[in-house]
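So the structure is just underneath, and the comments pick up after that.
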Amino acid sequence: MYDDINDELNPWVEMLQSSAVEDRLVAVKTLQHMGDEEAIVPLIQALEDEDTSVKKIAITAIWELTNPIAVKPLMACLRSPDAEVREEALSALKELVAPADLLILLDAIEEDNFYMQLNVLILLRKIHDAQALPYVLPFFESEREELREAAITTLRYLNQVETCPPALALINDSSAVVRREATLTLGYLKDEEVIELLCEALTDDPDWQVRRNAAQSIALHKDTSAISWLKKALSDEHWQVRKFTARTLQEIADDSVIPALVKCLTDEYSDIRRDAAIALGNIGNPEVLSVLQQTLDDPDADVRIFSQRAIDKIRQQQTTVNQ
Amino acid sequence: MALTTQRVDVPVIVDESKCLEKCQACIEVCPLDVLVKNPETGKAYMKYDECWFCLPCEKECPTNAITVQIPFLLR
Amino acid sequence: MTNTQHLKTDVLVVGGGTAGTMAAIKAKQANSEAEVLILEKANIRRSGAIAMGMDGVNTAVIPGNSTPEQYVREITIANDGILNQKAVYQTGKLGYEVIQELDSWGVKFQKDTYGNYDLKQVHRVGKYVLPMPEGKDLKKILARQVKRHKAKVTNRVMAIRVMVKDCRAIGAVGFDVRNGDFVVIQAKAVILCTGACGRLGLPESGYLYGTYENPTNAGDGYSMAYHAGAELTNIECFQINPLIKDYNGPACAYVASPFGAYTANAEGHRFVSCDYWSGQMMLEIWKELNSGKGPIQLKMTHLDEDTISEIESILWSNERPSRERFHQNRGENYRTHGVEMHISEIGLCSGHSASGVWVNEKAETTVPGLYAAGDMASVPHNYMIGAFVFGRLAGTNAMEYVQDVSHLEPDADWLAAEKARIYQPLQNPDGIPHTQVEYKLRRIVNDYLQPPKNTHKMDIALNKFVNYHDTLNLMGARDPHELMRCMEVHFIRDCAEMAARASLYRKESRWGLYHYRLDYPEKNNQEWFCHVNLKQENEQMTLFKRSVEPYIVDVNLETEVYDVKVTSK
């Protein structure tokens, strides 16, 4: 059947045609372990095997050979009804797809199959190509929240996309999962409304992970108009929101947030005490020296170290100014 | 010299009803080479008590016949 | 009658792990016509320290994040000044090329949304840690490249001795661990890449193979290099790691810390400021464990469900995947339980600390034609990227070296004597099982060598190790597999003797807990700012000082102390 295959491989390639599933399993496993690139064609054929286990091992074996001719046959596995087959094929394709495969992906995303669409949206993140944008946009209005979430996530992986008005609405999506990703993606967009939307999400969203992500995204923009909102978020009920807000304030802050940061020096969570101390050091106002001094006997080593550094930093600046 | 045979709880358990006689997958991947085929039954078993509980045998088995437990002394 | 196989190759690579596969690939890239053979006692698909994959790179020097000079400074300080900076510089300089090449082979490093490498800070200064959340297939990818480059692989053959003639390495002898064949390989150059000595101390669980390192790594290369006449260095700078108690796998604070997890004492407070493993950090951990505030833990209970799930998905799929069932068996959960941590038994490993076979910046040992790379080659804190870098250097330089040399016939008498020595346990199948002989040896290592070090105890240890030759002769093996384990016990004994002698020789304390001597508790730069090297001379283990090469990156060790603790004022 395969005339050009070497003697070592041949018995296993033949065994792969056996009617007994046990034999086909042994054959496909052995071919996987041999890792011989000549076996690629019979292995691709084994993707059609009726037995799911044979199929899955064939996917793994093909993956290990990393031959680009396998991209199309593996794509077909993305619509499999078996979750494990889809997952294995997706993992293999994450490694195999290259920018040259963009058109195959864009073809496939138009197929009316939920799994195919979801998986292709994920694969597009490996290619970073802005040409995919028109194909991603329709999914912002999909009925399925999984597709909206995947699409808004993929958007931030597309290079050269600076503004995207249709994406902004998703920060108010009904699903928290979609809003979390939308908030992160807005960190990379430069639409005019972005800062205001992020500040509203930071202070008003009912989901704490959205609020935390908003703090992270604001750090990317470094926009000082957000300072008053960040000040409010320093007293958020969830500690991770307070922590990421304090971190963002390490980048952009002014004297107006000093009282709120000082309050954080006695926060229950050590991460916040540390991050607030760093932010105070960066602001550099010597009035906080005495209160920073008090944190030097904090039970947490990180807090002590970073407080000391903040104190040193402020003192150094003082010396420079005085000279 | 006198030797005794001591019972040991072994980490690698093979379900013989699933183990395929022609298959060598687990034996080939074991870094410590502790698995062999029973020549009478053709089924794999753990012959040497030297398991690092690293799991390739379990993951590579095409019929999920293998379960690796954490060795008793560490469990 | 034992069958003998004779093999011949240009470059012989002993050990097909991280460094070995890379050495073979680079040797073939340097000259595809020449023959390269990897000898592996397991199977290269799953062997070596990264058999199950790796979840991150510890020492990635990526332009824009850090420079090779900064990296050399950091390692100089972390290793208390005792290093060959030129060798460490190679890891800083070539690491980025390694990462790019691995990337092109399909190894997945974490990237940010712009497609740039997503580095994390774990060291005191500088970002060097690059996560690989999908790093479970690293070894398979390397095996594939070995095949593509047409390097030959012989699995399940264990090397025992390097053959030396006219003062240069001319091959190796070993045996097939399944059929028992005696194997003689002639080569023009030999690259040793056999990993750490991970079976030196005995884990507190008492399970011989419950080690941090892959237990196949028994110090084979340390012993082979020693018997070939090569110098070894910093052997007293032990490897001791903070690990999950009993499981003995890494808690991976550096994986979990970017998510907000941290190492804490029993009261839940941090007591070290930096999760990068060093002897200084280990000393702080040892003190904390021995204070009223132990035991210590990796604390994650303060994190939310989504974060913990993400940490779990990384930690349970890489490096040591059985960790999930270890916790489950005990009914422990990161949401409600800290991960109890402990300090490991001792080992020798330059990947983590500094003990290994002396190599220069070309991966050459002091024996011509003999190269070393990876955990067994002394380039401090070299980790996985350093293993790749020195694998590269060894492969390329060995291939250049073999152009001008020819094969030499091994000495027949030496071969016959070596064969008799190796197979002796098979003549005595009812001899003492290797498990018992190994257990006792490693228990002595724990009792007398585990830091803090004490001269009286180490004197006892040395005496016991020297006399242990007689005990080794009592060992019996019933098949080639058991013979492999017997030979590993020989390697472990050699490493134990080296560890005792080197620790006694350096009369000061250095590297935090790694070489903490109760009778010389202070660092003494006046007398001991030098390497302690050892080698075989007239059948004797000889120790001597070797001065530290002039620095190429200026570091003032008086002012830049490696400080990971901060005491409250």
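The values are calculated or read from the model by the stated rules, or taken from the named source; none is laboratory data. Keep in mind that what you see is a predicted model, and the values were worked out from it rather than measured. Positions of Cβ are generated from backbone atoms using ideal geometry, with glycine treated the same way; all protein chains shown enter the neighbour counts.
Just one of the listed residues (A:A276, A:A246) is in contact with a Cys (Cβ under 8 Å, 6 or more places away or on another chain), in a helix (DSSP H, G or I), buried (at least 23 other Cβ atoms within 10 Å of the Cβ) and within 14 Å of chain C (Cβ to nearest Cβ), and it is A:A246.
Is one or more of the residues making up region C:521-531 surrounded by fewer than 17 Cβ atoms within 10 Å (Cβ to Cβ), closer than 24 Å to C:A230 by Cβ and modelled with pLDDT of 95 or more? Looking for residues that are surrounded by fewer than 17 Cβ atoms within 10 Å (Cβ to Cβ), closer than 24 Å to C:A230 by Cβ and modelled with pLDDT of 95 or more, one finds at least one in region C:521-531, hence yes.
Counting only residues that are polar (S, T, N, Q), surrounded by 19 or more Cβ atoms within 10 Å (Cβ to Cβ) and at pLDDT 95 or above, region A:210-243 holds 2 of them. Of all residues in region B:36-46, exactly one satisfies the criterion of being of a type in the set (D, E, K, R), in a loop (DSSP other than H, G, I, E, B) and within 11 Å of B:V14 (Cβ to Cβ), namely B:K43. Screening region A:51-113 for helices (runs of 4 or more DSSP H) wholly inside it with 1 or more residues that are within 14 Å of chain C (Cβ to nearest Cβ) returns the ranges A:52-65, A:71-77, A:83-96. The single residue among C:A159, C:A151 that is in contact with a strand residue (DSSP E or B) (Cβ under 9 Å, 6 or more places away or on another chain), surrounded by 22 or more Cβ atoms within 10 Å (Cβ to Cβ), more than 30 Å from A:L158 (Cα to Cα) and within 14 Å of chain A (Cβ to nearest Cβ) turns out to be C:A151. Residue-level check: of (1) buried (at least 21 other Cβ atoms within 10 Å of the Cβ); (2) within 14 Å of another protein chain (Cβ to nearest Cβ); (3) over 15 Å from the mean Cα position of the chain (by Cα), C:G198 misses just (3).
Looking across C:R323, C:R270, one residue alone is without any contact (Cβ under 8 Å) to a residue 12 or more places away in the chain, surrounded by 18 or more Cβ atoms within 10 Å (Cβ to Cβ) and among the charged types (D, E, K, R). It is C:R270. Is region A:38-47 home to any residue that is among the acidic types (D, E) and either more than 10 Å from chain B (Cβ to nearest Cβ) or not in a helix (DSSP H, G or I) (or both)? Yes, some residue in region A:38-47 is among the acidic types (D, E) and either more than 10 Å from chain B (Cβ to nearest Cβ) or not in a helix (DSSP H, G or I) (or both). Filtered by the rule that a residue be under 29 Å from the mean Cα position of the chain (by Cα) and of a type in the set (A, V, I, L, M, F, W, C), region A:240-263 gives A:V241, A:F244, A:A246, A:L249, A:I252, A:A253. Where residues in region C:441-459 are surrounded by 15 or more Cβ atoms within 10 Å (Cβ to Cβ) and either of a type in the set (G, A, S) or free of Cβ contacts under 8 Å to residues at least 60 places away in the same chain (or both), which of them is farthest from C:T4 (Cα to Cα)? Going through the qualifying residues, I end up with C:K457. Inside region A:23-41, residues that are in contact with a Lys or Arg (Cβ under 8 Å, 6 or more places away or on another chain), free of Cβ contacts under 8 Å to residues at least 24 places away in the same chain and not hydrophobic (A, V, I, L, M, F, W, C) make up a count of 2. Limited to region B:34-56, what total is found for residues that are within 14 Å of chain A (Cβ to nearest Cβ) and more than 13 Å from C:A42 (Cα to Cα)? Residues in region B:34-56 being within 14 Å of chain A (Cβ to nearest Cβ) and more than 13 Å from C:A42 (Cα to Cα): 4 in total.
Residues in region C:526-536 that are free of Cβ contacts under 8 Å to residues at least 60 places away in the same chain and farther than 15 Å from C:S503 by Cβ: C:Q526, C:E527. From the list A:E48, A:E64, the one residue that fits, being more than 26 Å from A:R144 (Cβ to Cβ) and surrounded by fewer than 18 Cβ atoms within 10 Å (Cβ to Cβ), is A:E48. Note on region B:4-33: among residues that are within 14 Å of chain C (Cβ to nearest Cβ) and of a type in the set (D, E, K, R), the one that is farthest from B:C51 (Cα to Cα) is B:E28.
To keep it simple, each residue is scored yes or no on (1) of a type in the set (D, E, K, R); (2) under 23 Å from A:Q209 (Cα atoms).
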| residue | (1), (2) |
| --- | --- |
| A:I104 | no, no |
| A:N113 | no, no |
| A:H128 | no, no |
| A:Q131 | no, no |
| A:P138 | no, no |
| A:E145 | yes, yes |
| A:A150 | no, yes |
| A:R156 | yes, yes |
| A:N172 | no, yes |
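Just one of the listed residues (C:Y212, C:Y222, C:Y226) is of a type outside the set (A, V, I, L, M, F, W, C), on the phi < 0 side of the Ramachandran plot and within 14 Å of another protein chain (Cβ to nearest Cβ), namely C:Y212.
Are any of the residues in region C:276-290 surrounded by fewer than 21 Cβ atoms within 10 Å (Cβ to Cβ), within 10 Å of another protein chain (Cβ to nearest Cβ) and in a loop (DSSP other than H, G, I, E, B)? No, that holds for no residue. Go through (1) at pLDDT below 95; (2) farther than 16 Å from C:R485 by Cβ and name the single condition C:I185 misses. Looking at each condition in turn, C:I185 falls short on (1).
Selection within region C:291-336: residues that are in contact with a helix residue (DSSP H, G or I) (Cβ under 8 Å, 6 or more places away or on another chain) and polar (S, T, N, Q). The member of this set that is nearest to the other protein chains (Cβ to nearest Cβ) is C:T307. Can you confirm whether A:K232 is more than 23 Å from the chain's Cα centre (by Cα) and assigned to a helix (DSSP H, G or I)? The answer is yes for A:K232. In the set C:D470, C:D479, C:D519, only one residue is of a type outside the set (A, V, I, L, M, F, W, C), outside the structural domain of C:V177 (by TED's automatic domain parsing) and closer than 15 Å to C:L449 by Cα; that residue is C:D519. Taking every residue in region C:212-227 that is not assigned by TED's automatic domain parsing to the domain that holds C:G16 and pairing it with any residue that is assigned to a loop (DSSP other than H, G, I, E, B) and surrounded by fewer than 24 Cβ atoms within 10 Å (Cβ to Cβ), at least 6 positions away or on another chain, yields no pair with a Cβ-Cβ distance below 9 Å.
Cβ separations smaller than 7 Å between residues 6+ apart or across chains give the following pairs from region A:59-77 residues that are over 10 Å from A:L96 (Cβ atoms) to residues that are modelled with pLDDT of 95 or more and not in a helix (DSSP H, G or I): A:I59/A:L47; A:P73/A:L47; A:C77/A:L47.
Of all the criteria given as (1) closer than 25 Å to C:V173 by Cα; (2) modelled with pLDDT of 95 or more; (3) buried (at least 19 other Cβ atoms within 10 Å of the Cβ), the one not satisfied by C:L83 is (1). The requirement of being buried (at least 20 other Cβ atoms within 10 Å of the Cβ), under 20 Å from A:L124 (Cα atoms) and touching a residue at least 12 places away in the same chain (Cβ under 8 Å) is satisfied by A:R156.
Among the numbered conditions (1) closer than 24 Å to C:N58 by Cα; (2) touching a helix residue (DSSP H, G or I) at 6+ places or on another chain (Cβ under 6 Å), the only one that C:Y383 does not meet is (2).
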